[in-house]
Structure formats: C-alpha cells, structure tokens
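Structure, as structure tokens:
The values are calculated or read from the model by the stated rules, or taken from the named source; none is laboratory data. All values reported here derive from a predicted model rather than from experimental measurement. Quick reminder, even Gly has a Cβ in these numbers, built from the backbone with ideal geometry, and neighbours come from all protein chains shown.
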Amino acid sequence: MFKKLNKRATLISGCIAAVLFCIPAFIYIRAANYEKSWLLYMGSFLFMIAVWIHTMLESKRRDNNESTIALAFASHAATMVGIVVSCILCFLLLSLFVPGYLSSSHPKTLTEEPANIIHDKTEGLSFSVFMAATAINFSVGSFTAIVLPFMLKKNQTRDSRVPTPLHNRGTK
C-alpha cells in the first residue's frame with residue numbers, strides 16, 4: 001500500500017491543508033478573543049476542502065476505479081501529514097505572536113473566555129488552537145477519507161483490488 005501511495009502528492013496536499021488551516025488560526029491568535037473561535041472551525045473546514053480535493057485528484061489519477069481502501073488510506077495519510085504540519089505551524093505562530101509564550105513572563109491571554117475553559121499560561125489560547133489543529137482536523141479529514149472514496153468509486157458492486165492496505169497476501 002505504501003508503494004501505491006503518491007508520497008509527493010500526499011506531502012503537498014498535507015502542507016496545503018495545514019497552511020489553509022493556519023490562515024484563520026493566525027487571525028484568531030492575533031485577535032486572542034474567544035468570540036472569534038469560529039475562525040478555528042473555518043480553518044478546519046478549509047483543511048477538509050484540501051483533503052477532499054486531494055482524494056478526488058487521487059481517484060481521478062487512478063481512473064476512478066481504485067480500491068476504496070487504497071483511497072481511504074491515501075486520504076488518511078494526507079490528513080496525518082496536514083495535522084503534523086499544522087501543529088508545527090501553529091506552534092511557530094504562537095511563539096511569534098504571543099509575547100513570552102516560551103518564557104516565564106506573562107504572555108498574551110485569551111479574553112472573554114468562559115469560566116470552564118482550560119486555564120494555562122495563555123488562558124486557553126494555545127489549548128484551543130492545538131485542539132483544533134489535532135482533534136477537529138483529524139475528524140474532518142477522517143470524515144472525508146471515509147465518505148468520499150465510496151462516493152467516487154464508479155463500480156461499487158465489486159472491488160477487484162486487494163482490500164487490505166498494508167500487505168498483498170493472496171495475490172499473484
């Protein structure tokens with residue numbers, strides 16, 4: 001399965017998805033206002049669109065007749081690359097735009113947050129950003145990886161390819 005994976009396209013799509021997520025996250029970090037947390041969801045929506053396009057291009061590249069498991073695996077791989085890159089980029093954004101984020105001085109804190117938010121050094125700003133970069137992006141990427149390959153498959157009555165993603169036992 002890793003032999004079938006287009007590593008270059010996966011890396012490029014994951015990086016594009018991460019950058020698309022980080023654009024609204026940058027605005028949210030600069031504003032540091034809880035009422036603007038919808039920007040993180042918009043970033044995750046843009047992340048989902050990038051993974052969606054990657055899955056459609058992979059299906060088209062394989063003549064819309066690739067194994068649904070192979071397409072789901074390719075989508076999950078792009079999702080994982082995007083999550084890792086978005087976490088790195090969000091850490092860089094927090095380090096650059098939150099004064100004292102890596103030191104012991106008092107950094108920029110989130111304003112107008114509810115009483116039950118995680119209370120850390122930034123009053124929940126970094127928690128919100130990293131939770132969106134990991135959990136929400138994984139959710140939307142997995143949703144795309146599960147739903148879209150079955151929608152794109154032309155002939156869903158039979159799958160002539162080996163359904164297991166990591167080995168080719170039983171094939172000649």
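So the values come out like this:
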read-out	value
Number of positions in region 24-38 that are in contact (Cβ under 8 Å) with a residue 12 or more places away in the chain and over 15 Å from the mean Cα position of the chain (by Cα)	10
Pick from region 147-172, criterion modelled with pLDDT of 70 or more and touching a Ser or Thr at 6+ places or on another chain (Cβ under 8 Å), ranking: surrounded by the fewest Cβ atoms within 10 Å (Cβ to Cβ)	PHE150
Odd one out for LEU5, checked against (1) hydrophobic (A, V, I, L, M, F, W, C); (2) out of contact with any Phe, Trp or Tyr (no Cβ under 8 Å at 6 or more places or on another chain); (3) surrounded by 15 or more Cβ atoms within 10 Å (Cβ to Cβ)	(2)
Qualifying residue in region 21-32 (condition: of a type in the set (A, V, I, L, M) and on the phi > 0 side of the Ramachandran plot)	yes
The listed residue being surrounded by fewer than 24 Cβ atoms within 10 Å (Cβ to Cβ), among the polar types (S, T, N, Q) and at pLDDT below 95, out of THR55, THR68	THR68
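Listed here are the residues, each with its yes/no results for (1) modelled with pLDDT of 70 or more; (2) more than 30 Å from PRO149 (Cα to Cα).
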{"position": "HIS76", "(1), (2)": "yes, no"}
{"position": "VAL81", "(1), (2)": "yes, no"}
{"position": "VAL84", "(1), (2)": "yes, no"}
{"position": "ILE88", "(1), (2)": "yes, no"}
{"position": "PHE97", "(1), (2)": "yes, yes"}
{"position": "GLY100", "(1), (2)": "yes, yes"}
{"position": "SER105", "(1), (2)": "no, yes"}
{"position": "LYS108", "(1), (2)": "no, yes"}
{"position": "THR111", "(1), (2)": "yes, yes"}
